[in-house]
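*Asks:* Can you read through this structure? Questions will come right after.
Bear in mind these aren't lab numbers, they're just calculated from the coordinates by the rules spelled out. These numbers come from a predicted model, not from an experiment. Because the Cβ atoms are built from the backbone with ideal geometry, glycine has one as well, and the counts that use them run over all protein chains shown.
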Amino acid sequence: MGPQGLGITFVTLPLVIRAAAGGPSHWKELKATCGGSKQSPVNIDRRRLQRDSGLGDIVFEGYDQAPPGKWRLVNNGHTVMLSLEGEPASEHIAISGGGLPGRYRALQLHFHWGSPAGNGSEHTLDGHQLPMELHIVHINAKYRTLGEAKGHPSGLAVLGCFFQVSEAPNPNYNTIVSGLRNISHAGQSVDLASTFRLSTLLPRASRLSRYYRYQGSLTTPDCSEAVVWTVFEEPVDISWAQLRAFVNTVYFPASGAVPLKMTNNYRPPQPLHSRKVFASRDATSSRGCPGHLLSPLLLLALLSPLSPSP
Ligand SMILES: [Zn+2]
């Protein structure tokens, strides 16, 4: 390549990157995959779910014990991420069952949130955004690297949890929330005071069999369509003060004189196209009953001589 060619490359590349920095709607200009037909997040329309009785209990391995070693909390410039890798013990934090095509090892977890003015979940429920969303990213145990897993539709499995604001703080989030002040600036990281049981970050154990499932992608570039998504129906409680800690403490990478608070770090819902969102066996139907209760109730209503005529 001659000097002229180099000149052109030098001029155009920063422009492309700047367009990408313009926000999620420009990502497809940087990476074609981001304009694909199986992108995430999506709106979960509860009137259009398809029940799959094969979506039973997820098997959680190592979620119920605090592993030895340290967990590192990082401000990676896009989100707050807790790295679960690096310790031999992380080999034993895994999920399987629940219709997942294999066993998946936990890699990291991170959050998406809004601003003082608005909610910031990535998935939406019947068109509504929730205050915050947790993602726990797992890699199919048959792949050795993230790069390898990204090349397969079932290479990764992500668990998504919605948050709702409660009066009382959620003590299970204290370790993460108190670590935020040490990672205000992009690139900073802190070793958490202690590891903890990952299960404590999830909805109540009795509600973990209620979830939505669909085939999608990573929600940041390169948007690889390699994710089996599980989004739990029951939100996790968090107080205003805890939520504000995310919105107010952490900053995006400095690009100008004024540091910008890390807010609205979510991608909006992408078109579902030909995909379906499945409801697990126990997920609540749009009529407000767990699926396995619906049929007998309906049957009773139909058989009852007291049921009102149409
Ligand atoms: Zn995420």
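*Asks:* Apply the Karplus parameterisation 6.51 cos²θ - 1.76 cosθ + 1.60, with θ equal to phi minus 60°, to every residue of the stretch 111-116 and state each ³J(HN,Hα) to the nearest whole Hz, in sequence, with x for glycine and proline.
*Replies:* Once θ is set to phi - 60°, the couplings for the stretch 111-116 become 10, 10, 9, x, 9, x Hz.
*Asks:* Extending each Cα 7 Å along its Cβ direction at S239 and T145, get the distance between those two points in nm, one decimal.
*Replies:* Distance between label points: 4.5 nm.
*Asks:* Where a Cα-Cα gap under 20 Å defines reach, which lysines qualify for K276, not counting those fewer than 8 residues away within the same chain?
*Replies:* Answer for K276, where 20 Å is the Cα cut-off: K38, listed by chain and number.
*Asks:* In nm, to one decimal, how far is the E29 label point from the A117 one, both placed 7 Å along Cα→Cβ?
*Replies:* Each label point lies 7 Å from its Cα, and together they span 2.3 nm.
*Asks:* Can you tell me the mean projection area, over all orientations, of the convex hull of the stretch 28-302's alpha carbons? Units nm², please.
*Replies:* Its Cα hull, projected and averaged over all orientations, spans 15.5 nm².
*Asks:* Let me ask something additional. What size of dipole, in debye to the nearest 20, comes out for the stretch 28-302 about its Cα centre when the only charges are +1 on Lys and Arg C-beta atoms and -1 on Asp and Glu C-beta atoms?
*Replies:* 460
*Asks:* Next up: Give, rounded to the nearest 20 debye, the magnitude of the charge dipole that the stretch 156-296 has about its Cα centre when Lys and Arg contribute +1 at Cβ and Asp and Glu contribute -1 at Cβ.
*Replies:* With only Lys, Arg, Asp and Glu charged at Cβ, the dipole is about 260 debye.
*Asks:* For a Förster distance of 30 Å, can you work out the FRET efficiency between the beta-carbons of D52 and S206, rounded to the nearest 0.05?
*Replies:* According to the calculation, E is roughly 0.90.
*Asks:* Once you charge only the Cβ atoms, +1 for Lys and Arg and -1 for Asp and Glu, what is the size of the charge dipole of the stretch 22-115 about its Cα centre, to the nearest 20 debye?
*Replies:* Charge dipole, the stretch 22-115, about its Cα centre: 440 debye, nearest 20.
*Asks:* Mind listing the long-range amide H neighbours of I44? Cut-off is under 5 Å, sequence gap 5 or more, other chains count too, H placed in the peptide plane at 1.01 Å from N.
*Replies:* T124, L125, D126, G127
*Asks:* Using amide H atoms built in the peptide plane, which far-off residues or other-chain residues are under 5 Å from A186 H to H?
*Replies:* Y251, A254
*Asks:* Near K70, which aspartates and glutamates are there with a Cα under 18 Å away, not counting those fewer than 8 places off in the same chain?
*Replies:* Output for K70: E85, E87, E91, D191.
*Asks:* I would also like to ask the following. Taking K28 as the anchor, which aspartates and glutamates have their alpha carbon closer than 20 Å to its alpha carbon, excluding any fewer than eight residues away along the same chain?
*Replies:* E122, D222, E225
*Asks:* At q = 0.21 Å⁻¹, work out log10 I(q)/I(0) for the stretch 27-150 with the Debye formula, treating every Cα as an identical point scatterer and leaving solvent out; two decimals please.
*Replies:* One equal scatterer on each Cα of the stretch 27-150 leads to -1.45.
*Asks:* Along the positive direction of the dipole of the stretch 28-302 (beta-carbon charges: Lys, Arg +1; Asp, Glu -1; about the Cα centre), which of G256, P171, L156 reaches farthest?
*Replies:* Positive-most Cα among the choices belongs to L156.
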